[in-house]
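Colleague: What follows is a structure written as structure tokens; I'll ask about it next.
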Amino acid sequence: MCGIGGIAARNLTPEHVTSAEAMTAALLHRGPDSHGIEVVDNCVLANARLAILDLSERGRQPMPDGDRTCWITYNGECYNAAELREWLVSRGHVFRSGTDTEVVLHLYAELGDACVEKLRGMFAFAIWDSHQRRLLLARDRLGIKPLYYFLTPDRIVFGSEIKTLLASDLLPRRIDAHAVRVFLQLGHIPPPYAAIGGVRPLEPGHVAAWKDGAFETRRYWDLSPHRGSEASPAPATESASEAIAETLSENLVEAMRLHLISDVPVALFLSGGVDSAALGILAQHAGAKMLTALTIGFEDKTFDETESSRRTAELLGLPHNVLTLSAPEMLGGLDHAIWAMDAPTVDGLNSYWICRTAARAGFKAALTGQGGDELFGGYASFEWFARFTRAASRLRWFPRPLANAILDHDAFPFRWRKLCYLAGSEDPFVAAELAVKIHFLERDLASLVDPELARSVAAPGGDGDSEAARHLRHWAARVAACELPEKIAYVDVHAHLEPRLLRDGDAMSMAHSLEVRPVFLDHALMEYTFSLPASLRMQKKKLLLDAMRRLMPPPVYEEIVARPKRTFSFPYHRWLAVDLRPTVEAAFADDRLRAVGVLQPAAVQRVWRRFLAHPARVGWSRVWSLFVLQRWCETMKVTA
């Protein structure tokens with residue numbers, strides 16, 4: 001696992017090389033084991049390496065091929081590297097290291113851009129091809145590993161993080177107005193937006209090529225939804241159910257076996273839930289010899305899962321480390337956590353602290369259960385999507401202006417105001433998505449966003465034409481002909497898991513030089529799971545438990561099944577109102593808000609006062625999102 005960056009230009013200058021050196025320095029938290037840059041033709045590649053496979057100097061990057069005509073800077077893990085290496089050796093390729101990086105480079109020599117289609121894992125990489133004087137950029141199918149770029153007519157600047165690009169001093173530190181709006185709507189910034197003006201993410205499952213100023217992107221993979229009829233829920237027989245559970249069980253064990261490939265010890269992030277317990281059992285069946293479980297706990301027992309996670313570790317016979325996170329400790333790490341975010345996000349603190357715990361315990365790699373809820377129907381909000389879709393279908397005739405007049409009042413809780421989306425909608429499913437996911441409505445944005453910044457974007461036609469609505473409509477359109485459970489599952493992968501949970505997970509883990517491996521998001525496992533009807537796989541983890549039953553000792557299975565579902569969360573309400581209150585009020589001071597120029601002080605302070613008076617009406621996430629946006633801009637020295 002590494003950090004990558006670089007610049008390709010029509011005319012590469014010494015100043016570009018200096019910029020690349022600064023970019024490398026900004027990547028060192030992602031790869032503290034070695035770093036370097038390489039100038040080849042009119043391209044300079046940068047890399048900071050976190051050594052997981054082949055810890056020797058043979059793995060140093062940027063890495064050349066045998067005749068030094070192609071160079072790669074690579075971030076990720078190719079879990080089928082051994083299989084690919086064997087095939088490449090049979091075709092005459094000679095290897096000098098045991099790294100998967102070299103496998104990717106030789107695979108490019110054999111297959112060209114199509115090399116990405118053979119890779120099983122998580123990755124983002126850049127290859128400079130001197131024969132073609134061409135730069136190839138690639139990102140894994142689900143976007144587990146990030147890659148951003150900034151394009152001008154004469155050059156492209158790219159890197160693993162927005163911090164990497166900013167360190168080049170080749171782009172202005174100006175926030176993107178669309179990104180501000182969509183962040184305040186959704187709590188994260190999904191593609192095609194990025195926090196800095198002119199910066200774009202290479203989207204998941206895409207490759208891009210730059211040559212002499214010309215730039216093009218291409219999708220090489222797409223997650224196919226199940227398109228069968230849901231009228232007769234499958235499977236129809238008990239034997240068919242058993243066969244599906246057995247096949248899923250085999251796929252889970254295989255995915256785990258691949259994710260355990262490492263030359264360093266691997267940790268397990270353990271909560272009290274089904275997903276992480278399943279990972280612990282899968283790891284043991286896949287041959288893990290030394291696995292340590294790590295858990296975050298809280299002094300406030302309302303949020304604490306320590307006892308259930310400790311019991312799981314005991315049942316599985318795993319060593320177990322617990323960090324009990326106090327408010328003072330959280331406050332002490334807040335500045336670094338904001339920096340680690342790399343882009344404003346309402347989420348991510350949970351990842352930050354568990355990753356810090358793993359890094360301080362000496363780990364470089366950890367297993368996580370990300371994706372389990374999306375694949376197997378674990379979120380309670382899935383039921384709200386279904387209820388709201390039905391409600392929106394009944395209210396299509398009800399005029400939206402009238403719904404706004406009834407519901408959109410400051411005195412009402414935000415969760416009530418959002419119900420106006422359910423009236424007069426063209427697509428009831430998109431309306432339900434908005435009613436569940438939106439943080440601030442269009443009227444709120446008009447008051448919160450600085451007028452000068454707001455004028456830099458075309459005014460939307462209303463809430464239904466906002467950046468969030470367009471983003472959700474884009475993914476909903478791809479499953480328009482599918483049944484409702486399939487729509488919910490598919491859109492959640494692309495509109496929540498990829499742009500929020502996976503992006504946050506990478507940023508927070510790599511801030512601590514830690515590689516996080518989401519086993520459930522092995523693309524072959526996902527393809528199999530999504531080939532099944534959503535009515536079968538989205539039953540509150542039943543399918544996962546059926547698959548795991550054959551692997552679990554009966555006492556473990558019975559105890560895990562009996563546990564009530566809990567959503568892991570932090571005590572934000574208390575932290576904001578008590579422990580963080582002086583910090584929040586300082587960030588919301590007039591002079592600091594005006595210095596950044598993104599948010600209007602009076603509107604921000606009004607939301608803050610309402611939260612202090614009625615926390616449940618406002619909700620912690622709205623105050624937290626405003627605080628994060630302001631502090632992130634200050635930390636990154638970004639202004640309107």
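Colleague: Roll a 1.4 angstrom probe over the protein heavy atoms and tell me the percent of accessible area of the chain that is carbon or sulfur.
Modeller: Within the chain, the accessible surface is 53 percent carbon and sulfur.
Colleague: Which of rounded, prolate or oblate describes segment 515-592 when judged by the alpha-carbon gyration tensor and an a/c cut-off of 1.5?
Modeller: Prolate shape, in that a/c is at least 1.5 and a/b is the bigger ratio.
Colleague: Could you calculate the contour length gain from Y220 to R563, that is, 0.36 nm times the residue separation minus the distance between their Cα atoms, to one decimal place in nm?
Modeller: 119.4 nm
Colleague: Nearest 500 deg cm²/dmol is fine: what mean residue ellipticity at 222 nm does the chain get from its DSSP H runs of n ≥ 4 alone, each adding -39,500 (n - 2.57), divided by its residue count?
Modeller: -12500 deg cm²/dmol
Colleague: If you don't mind, there's one more thing I want to ask. By DSSP, what percent of the beta bridges with both residues in segment 1-115 are antiparallel, rounded to the nearest 5?
Modeller: 100
Colleague: Could you tell me the extents of segment 310-444's C-alpha atoms along the three principal axes, largest first, rounded to whole Å?
Modeller: 59, 35, 24
Colleague: With the contact rule set at Cα under 8 Å and sequence spacing of 6 or more, what percent relative contact order holds for segment 1-150?
Modeller: RCO, segment 1-150: 21 percent.
Colleague: Related question: Which of A46, N75, V89 sits closest to the plus end of the dipole of segment 32-100, meaning its Cα is farthest towards the positive end, when Lys and Arg get +1 and Asp and Glu get -1 on the C-beta?
Modeller: V89
Colleague: Over all distinct alpha-carbon pairs, what is the Kirkwood Rh of segment 422-527 in angstrom?
Modeller: By the Kirkwood definition, the hydrodynamic radius is 16.2 Å.
Colleague: If you don't mind, another one. Please report the relative contact order for the chain, taking Cα pairs under 8 Å with a sequence separation of at least 6, and give it as a percent rounded to a whole number.
Modeller: Computed over the chain, the figure is 16 percent.
Colleague: How charged is the neighbourhood of R181? Take every other residue with its Cβ under 10 Å from the Cβ of R181, and add Lys/Arg as +1 and Asp/Glu as -1.
Modeller: Once positives and negatives cancel, what remains is -3.
Colleague: Still on this structure, I have one more. D465: accessible area at probe 1.4 Å, nearest 10 Å²?
Modeller: Approximately 60 Å² of D465 is accessible to the 1.4 Å probe.
Colleague: Considering the dipole of the chain built from charges on the beta carbon (Lys and Arg +1, Asp and Glu -1) around the Cα centre, which of L395, G121, V623 is farthest to its positive end?
Modeller: L395
Colleague: Still on this model: Please work out whether the chain counts as rounded, prolate or oblate from its C-alpha gyration tensor, where a ≥ b ≥ c are the square roots of the eigenvalues and a/c under 1.5 means rounded, while otherwise a/b larger than b/c means prolate and anything else oblate?
Modeller: Rounded, because the longest to shortest axis ratio a/c is under 1.5.
Colleague: Which Cα, out of G272, I175, S509, lies furthest along the positive dipole direction of the chain (beta carbon charges, K/R +1, D/E -1)?
Modeller: Checked the options; the winner is I175.
Colleague: Now for a separate question. Output the antiparallel fraction of DSSP beta bridges having both residues in the chain, as a percent to the nearest 5.
Modeller: So the antiparallel bridges in the chain amount to around 75 percent.
Colleague: Rounded, prolate or oblate, given the Cα gyration tensor of segment 28-103, with a/c below 1.5 counting as rounded?
Modeller: oblate
Colleague: Compute, for segment 168-283, the length of the dipole vector about the Cα centre, with Cβ point charges of +1 (Lys, Arg) and -1 (Asp, Glu) only. Units Debye, rounded to 20.
Modeller: 740
Colleague: Tell me the accessible surface of T247 in square angstrom (1.4 angstrom probe, heavy atoms of protein chains only), to the nearest ten.
Modeller: 50
Colleague: To the nearest 0.05, what FRET efficiency results for T635 and A361 with a Förster distance of 35 Å applied to their C-beta separation?
Modeller: 0.85
Colleague: Quick one: dipole size for the chain, taken about the Cα centre, charges +1 on Lys/Arg Cβ and -1 on Asp/Glu Cβ, in debye to the nearest 20.
Modeller: 1300
Colleague: What does the net charge come to around F385 if you take all other residues with beta carbon closer than 11 Å to its beta carbon, with K and R at +1 and D and E at -1?
Modeller: Counting the neighbours of F385, the net charge comes to +1.
Colleague: Hey, which of these cross-link pairs are over 19 Å Cα-Cα: K289/K364; K437/K487; K364/K637?
Modeller: K364/K637
Colleague: Just the accessible area per residue of the chain, please: how many Å² with a 1.4 Å probe?
Modeller: Per residue, the chain has an accessible area of 37 Å².
The values are calculated or read from the model by the stated rules, or taken from the named source; none is laboratory data. Source: prediction; values computed, not measured. As a convention, Cβ positions derive from the backbone with ideal geometry for all residues, glycine included, and neighbour counts pool all protein chains shown. Just the protein is used for accessible areas: all its heavy atoms, side chains included, with ligands, DNA and RNA removed. Shrake-Rupley method; radii C 1.70, N 1.55, O 1.52, S 1.80 Å.
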